[in-house]
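Just so it is clear, none of the values below were taken in a lab; they were calculated from the coordinates. All figures in this text were calculated on a predicted structure; none of them were measured in a lab. Every residue, glycine as well, gets a Cβ built from its backbone with ideal geometry; the counts of neighbours run over all protein chains shown.
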Amino acid sequence: MKVMRRVATMRTKAPYGSWKSPVTSEVATKGALRLGGMAFGRGEETYWVEGRPAEGGRNVLVREDGEGPPVDVTPKDVNVRTRVHEYGGGAWKILPDANLALFTDFKTQRLYKQSLDAEESAPEPLTPGVEGSALRFADFCPDLGRNRVLCVVEDHRGSQKEPQNFLAAVELDGSCSEPLKLVSGADFYSSPSLNSDGTKLAFVQWDHPSMPWDITSVMVVDLGPDGLPAGEPTLVAGGPEKEEAPQQPSWTPDGRLIYVSDEGSGWWNLFQWCADGESKNICPRPGCEFGGPPWILGVSSYHVLTDDKIICSYSDASATGNTLAYLTVSTGELEEIPIPYETFGAFDVRGDGRLGALGRSAVKPSEIAVQDKAGEWVTKRKSSSLELDPEYISQAKVIKYNVGDDRFSYMYYYSPRNPDYEGSEDVGPPLLVKTHGGPTASTSSSFNPMIQYWTTRGFAVADVNYGGSTGYGREYRELLKGNWGIVDVEDAAAAATYLSSRGMADPKRLAIDGGSAGGYTTLACLTFTDVFSAGCSLYGVASLEALAGDTHKFEKRYLDYLVGPYPEKKDVYKERAPIENLDKLSAPLMLFQGTEDKIVPPNQAESMMKVCVEKGIPAALEMFEGEQHGFRKEENIRRCLDGEYDFFSQVFDFEPAGLPGDFKKIRIVGSL
């Protein structure tokens with residue numbers, strides 16, 4: 001869908017926020033896809049997974065063979081998604097040498113195989129059918145010499161308080177036998193990696209209360225001829241007594257183990273471990289991160305190519321985007337690879353060295369692209385059909401700003417931009433501060449139509465990487481340690497104050513929004529500061545105590561890190577919970593929530609709304625039937641976008657422009 005500028009001789013003067021925008025919610029979401037990982041198959045084949053909001057968020061494995069258009073590999077009744085750790089990841093794997101695709105189906109959580117040969121081949125189950133999808137699989141590592149695949153298993157069967165996580169082998173013969181348990185005992189596992197002769201298995205493990213970016217261990221266990229462990233696992237990197245979080249182990253052909261660790265410098269750099277037990281940083285780059293927070297399984301930021309060559313991705317805290325490079329292991333030298341993208345997600349390498357990537361830029365939607373035989377980049381699938389005239393695109397400006405006298409934070413600032421309009425010279429634009437989820441995560445400067453929706457209407461946007469965000473080393477990441485609800489709140493409020501004090505935003509029209517953990521920061525900013533005039537929380541955390549007692553295993557002890565152990569720190573949980581302190585809340589509040597959210601249960605939003613009504617605080621709540629943590633259905637995503645805009649228009653008293661003809665106005669309970 002092309003959106004070009006209309007011919008205009010002069011700009012129309014209109015209040016900021018009320019500009020008519022070509023980026024409607026339909027334009028921003030129609031045909032939009034959530035592109036996941038990508039991988040090469042046989043010959044010229046390229047595979048990826050795409051989430052389709054128009055199909056209720058269903059994830060589909062897709063193939064393009066270099067000749068015809070992309071085709072769906074998985075049938076229409078399959079949703080490629082795992083619920084291991086609830087956040088999933090690592091739900092599929094292409095095995096070119098076996099002519100197989102492996103994937104987990106969301107409904108049953110069973111692991112399936114499907115032939116790559118037949119155009120209409122049907123999936124075959126590899127694991128037993130279990131009532132209630134209680135046996136879940138992810139993060140696959142082929143062991144073709146034994147006709148099996150190694151993976152992470154999460155077992156919800158039985159009466160135990162928590163599901164059991166372990167590493168297991170699943171036979172590829174279709175017998176659907178019980179997974180063969182290989183390694184167990186830790187609370188969590190990830191990243192199984194088998195060496196070239198199948199005698200050593202490396203993996204990552206960690207235990208409560210740690211998270212996988214906090215304290216982890218890289219382990220190696222010897223496997224006997226029968227494929228069973230021949231002894232106890234050996235600690236290679238990290239460990240429960242060290243403030244280190246190694247991740248992503250992978251073997252070189254000659255038997256050295258490569259992994260990413262923040263050992264020593266506090267920055268995730270590349271290391272190697274040799275059979276003699278020696279370990280070293282092979283590419284010391286303080287200020288650069290070669291890894292990220294492992295919220296999901298199956299993510300790789302590097303690939304081993306030969307004994308002495310690695311292709312890797314890294315980010316620099318002083319710049320936007322990330323870099324793709326070849327690393328010579330023996331010398332530590334990096335050779336940057338020029339690619340036509342500022343940032344990218346998954347990437348892969350063909351046998352002849354040609355590359356493929358999920359590429360992103362600041363001016364167009366993300367896309368799956370590969371190099372052809374001439375080395376030129378060819379787009380295989382775009383995440384959106386939207387082609388927005390550059391005149392409408394607001395590009396991010398990186399701002400490093402002070403928070404108090406002793407530290408600083410980061411934001412991406414987007415100014416209002418619409419070539420058809422200009423705002424008042426006397427009043428600055430309304431500002432929307434965005435707080436990312438996690439909270440141990442980060443935002444990026446990649447093109448996002450959801451941000452352009454606001455800037456083309458005359459809003460300024462500040463997308464904040466508050467203290468505790470990733471990409472800036474362990475010291476910055478640990479600013480939230482024990483300080484969730486303090487540091488993030490200070491940084492979000494300071495971003496708004498910084499911009500308004502410089503005339504870049506109207507101090508009387510400062511809004512904030514966020515989803516999940518960002519929703520908590522939003523609620524906390526509205527409760528514990530007087531900076532913001534309105535806010536919108538999407539599936540946000542309102543009660544820290546409820547989250548501590550009513551969430552899934554993966555995050556069960558995350559609050560120990562962010563707040564403190566519960567119930568020992570019960571008083572702190574209450575002090576920082578928005579729902580416990582609504583006497584301090586005076587700004588209008590919009591809430592959006594899914595009814596089947598297992599991470600932040602819907603009773604939190606319902607309780608927040610109930611208290612707002614009782615206190616007479618203007619508020620609105622909309623529940624989406626069947627939605628989980630993060631909305632996947634196109635109609636609900638559109639409703640959130642338009643609904644939030646309508647909500648702010650009512651609060652800030654301006655006429656909204658370009659809402660759908662069938663739009664139902666947000667019903668605010670309480671007087672504005």
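Figures for the structure shown
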{"item": "Extension gain from K161 to D583, taking 0.36 nm per residue of separation minus the Cα-Cα distance", "result": "148.3 nm"}
{"item": "Rough spin-label spacing in nm, given labels placed 7 Å along Cα→Cβ, for K373 and D550", "result": "6.1 nm"}
{"item": "Within the range 107-184, GluC sites (Glu not before Pro) in DSSP loop having at most 12 other beta-carbon neighbours inside 10 Å", "result": "E119, E120"}
{"item": "Under 19 Å from K633, Cα to Cα: lysines that are on another chain or at least 8 residues apart", "result": "K30, K76, K107, K382, K598, K664"}
{"item": "E596 versus S115: modelled label distance in nm, points set 7 Å from Cα along the beta carbon direction", "result": "3.3 nm"}
{"item": "Per-pair calculated FRET efficiency, R0 = 45 Å: D65 and E606 via Cβ, rounded to 0.05", "result": "0.35"}
{"item": "0 to 90° range, to nearest 10: angle between helix 603-615 axis and the chain longest Cα axis", "result": "20 degrees"}
{"item": "Relative exposure of K584, K434, judged by other C-beta atoms within 10 Å (fewest first)", "result": "K584, K434"}
{"item": "Within the chain, helix-based [θ] at 222 nm, where runs of 4 or more DSSP H residues each add -39,500 (n - 2.57), nearest 500", "result": "-4000 deg cm²/dmol"}
{"item": "Sequence ranges 652-665, 192-205, 257-270, 390-403, ranked by mean other-Cβ count within 10 angstrom, highest first", "result": "257-270, 192-205, 390-403, 652-665"}
{"item": "Separation of the A317 and A134 label points, Cα + 7 Å toward Cβ, nm", "result": "4.7 nm"}
{"item": "Cross-link reach list, lysines versus K584, counting only Cα pairs under 21 Å and skipping chain neighbours closer than eight places", "result": "K508, K570, K574, K610, K615"}
{"item": "Sites A54 and K76 - FRET efficiency at Förster radius 22 Å, r taken between beta-carbons, to 0.05", "result": "0.95"}
{"item": "Cβ-derived FRET efficiency at R0 41 Å, V572 paired with T306, nearest 0.05", "result": "0.20"}
{"item": "Total charge dipole magnitude, the range 533-672, about the Cα centre, Cβ charges on Lys, Arg, Asp, Glu only, Debye to nearest 20", "result": "260 debye"}
{"item": "Exposure proxy ranking, count of Cβ atoms within 10 Å, fewest first, for V541, V80", "result": "V80, V541"}
{"item": "Acute angle (nearest 10 degrees) that the helix 634-652 long axis makes with the longest principal axis of the chain, alpha-carbon atoms", "result": "30 degrees"}
